[in-house]
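Note sheet for the following structure.
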Amino acid sequence: MTRVIVASDSHRNIAALRRCLACEPDAAALIFLGDGLGDLNQVKGEFPNLRIYAVRGNCDYQQSFPSEGLIPFEGHLIFYTHGHEHGVKMGPEQLQLTAAARGADIALYGHTHRAACTPGDEDWPLAVNPGSVGEPRDARGRTFAVLTLEKDKPVHVQLYRLPDLTGEEPDPLRF
C-alpha cells in the first residue's frame, strides 16, 4: 500500500504547503501539480524521505519542469498535469481523454483551485483535482488530496481541508 499526497496551486503560500506535507508523515510521495514550484523548492528539503514529482503550471516560470508526467504506483498509472493546457475549467473530459490515450487509469490536475473527483471506469480514468493549498476558490478552504494505492484494488481518494496551524489534524472532506 502506498499513500501519495496530491497538492496544487500554493501561489507563494509556503507555510500552507509546508503544513500540507507535514499532515501526512507516512506518505511515500508528493505529486505537485504546479503554480508554486518556488514554494516547493523552499520546503522540499524539510521532507527528505518524500519522493517528489512536479509539473509547472501557468504561473510557474521554471521551464526546466515538464508540463505533464506519467508515473506508475502499485499497478496504477497516473497521468498528472496542471490542467491549463487541457481546458479543465470547462470540465475534465479532455484531460481524461489524454490520460486514457497514455494508458493511465488516474488523471490528476489543478488550475481551477476547486477540488473535484470525477469517477472513471475500466476504459476511462478517474480524474482528481485536489483544490488549492494556497488560494482556494470554493467554500471548502485550502485543500489537498491523498491517494491510497494498492495493487489490484481500486484507488482510494480522500480530500482534506488544510489545518490552520502546524500540528493540527486535517479535516477529511467529501468531494
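Every read-out reported here was derived from the displayed coordinates using simple, explicitly stated rules and does not represent laboratory data. Here the structure is a predicted model, which is why all the values come from computation and not from measurement. Glycine also receives a Cβ, built like all others from the backbone with ideal geometry; neighbour counts cover every protein chain displayed.
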**Asked** Label Glu93 and Asp138 with points 7 Å out from Cα along Cα→Cβ: what is the distance between them in nm?
**Response** 1.9 nm
**Added length on full extension, which subtracts the Cα-Cα distance from 0.36 nm per residue, Glu74 to Arg102** = 8.4 nm
**Message:** I want to check the label-to-label distance for His156 and Glu169. Put each point 7 Å from Cα in the C-beta direction and report it in nm to one decimal.
**Reply:** 1.5 nm
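Where both residues lie in the chain, what percent of DSSP beta bridges are antiparallel, nearest 5? Write out the running numbers ahead of the final one.
On the way: 25 of 39 bridges.
About 65 percent, rounded to the nearest 5.
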**Message:** Suppose each label sits 7 Å from its Cα in the direction of the beta carbon; what would the Met1-Asp121 distance come out to in nanometres?
**Reply:** 2.9 nm
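I need the peptides 123-135, 92-104 ranked by packing, meaning the mean over residues of other C-beta atoms within 10 angstrom, with the highest value on top.
Details: 123-135: 23.8, 92-104: 17.8.
Averaged packing, sorted descending, gives the order 123-135, 92-104.
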**Prompt:** Given (i) 14.5, 41; (ii) 15.3, 49; (iii) 20.5, 62, which label gives Rg and Dmax of the Cα atoms in Å as computed from the coordinates?
**Reply:** (i)
**Complete:** Taking a label point 7 Å from the Cα of Glu46 along Cα-to-Cβ, the residues of the stretch 131-158 whose backbone nitrogen sits under 16 Å from it are 133-134
